[in-house]
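Visitor: The structure's right below; bear with me while I get my questions together.
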Amino acid sequence: MGDRDNRSERVSRLLLKHRAPLYGFIFSCLRNHSDSDDVLQDVALAVTQSIDALRNDEEFLPWSREIARRRVLAHFERSRRADAMPPELVDALYESSFRLETRVSLNERTIALRECLSDLSQHAQELIAKRYDGSVADVSDLASQIGRTRSATYGMLKRIRKALRDCVERKTRGLDGS
């Protein structure tokens with residue numbers, strides 16, 4: 001296995017392990033699943049491109065959360081939305097996300113996500129793998145590979161992510177006593 005394969009496997013493993021807290025932080029700032037998915041994709045790309053700067057895998061979550069914080073602020077700057085969250089509040093959420101305890105453990109969510117991934121069609125599994133393993137530079141490249149428009153590819157990825165999110169929620173709903 002080459003260095004690129006090792007790096008891709010490392011990134012995929014770390015992103016899968018820490019997706020829930022990263023997404024939770026991003027969503028708490030943006031309050032919109034579509035925007036949160038887009039920012040998480042940007043974070044995944046940034047992580048993939050700079051993974052060699054990470055010396056210790058145990059530091060991945062704080063490191064990637066800082067990347068996410070910067071991407072959230074950049075998203076607000078680009079969108080200039082009237083309902084944009086003040087940077088101070090983003091920073092406060094960033095700090096509190098380190099202390100946030102989830103009712104369902106990350107390990108249980110990871111197991112549920114793996115089960116949900118295996119329930120996807122082969123085509124959906126391949127799309128998700130290509131999008132997040134670093135084998136494509138962006139959604140435009142993925143769209144070219146599968147012969148679809150960029151917009152159609154974004155739509156497919158959005159539906160797959162929603163299906164995964166719903167599946168994980170169903171599988172973990174009973175684990176927290178509710």
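The values are calculated or read from the model by the stated rules, or taken from the named source; none is laboratory data. Since the model is a prediction, treat every value here as computed from it, not as a measurement. All Cβ positions, even for glycine, are placed from backbone atoms using ideal geometry, and neighbour counts span all protein chains on display. Heavy atoms of the whole protein, side chains included, go into the accessibility calculation; ligands, DNA and RNA do not. Shrake-Rupley method; radii C 1.70, N 1.55, O 1.52, S 1.80 Å.
Visitor: Within the stretch 104-120, does at least one residue satisfy the condition of being at pLDDT 90 or above, assigned to a helix (DSSP H, G or I) and touching a Cys at 6+ places or on another chain (Cβ under 7 Å)?
Guide: Yes; the residues of the stretch 104-120 include at least one that is at pLDDT 90 or above, assigned to a helix (DSSP H, G or I) and touching a Cys at 6+ places or on another chain (Cβ under 7 Å).
Visitor: Would you call Ala152 exposed (fewer than 15 other Cβ atoms within 10 Å of the Cβ) and under 16 Å from the mean Cα position of the chain (by Cα)? Write out each step before concluding.
Guide: Details: exposed (fewer than 15 other Cβ atoms within 10 Å of the Cβ): yes; under 16 Å from the mean Cα position of the chain (by Cα): no.
No: the conditions fail for Ala152.
Visitor: Here is a follow-up. Can you report the number of residues in the stretch 115-128 which are free of Cβ contacts under 8 Å to residues at least 40 places away in the same chain and open to solvent by 30 Å² or more (accessible area, probe 1.4 Å)?
Guide: Residues meeting the conditions: 6.
Visitor: Taking the stretch 18-39, which residues are open to solvent by 20 Å² or more (accessible area, probe 1.4 Å) and over 14 Å from Tyr132 (Cβ atoms)?
Guide: Ala20, Pro21, Gly24, Phe27, Ser28, Arg31, Asn32, His33, Ser34, Asp35
Visitor: Right, here's the next one. Test each condition in (1) at pLDDT below 85; (2) open to solvent by 20 Å² or more (accessible area, probe 1.4 Å) for Ser140 and report the one that comes out false.
Guide: Failing condition for Ser140: (1).
Visitor: Within the stretch 122-178, track down each residue that is among the hydroxyl-bearing types (Ser, Thr, Tyr), over 21 Å from Val39 (Cα atoms) and assigned to a helix (DSSP H, G or I).
Guide: Ser144, Thr172
Visitor: Same structure, new question: Which one is least open to solvent (accessible area, probe 1.4 Å), of the residues in the stretch 157-178 that are over 21 Å from Leu14 (Cβ atoms) and touching a helix residue (DSSP H, G or I) at 6+ places or on another chain (Cβ under 6 Å)?
Guide: Step by step, filter the stretch 157-178, then rank; the result is Cys167.
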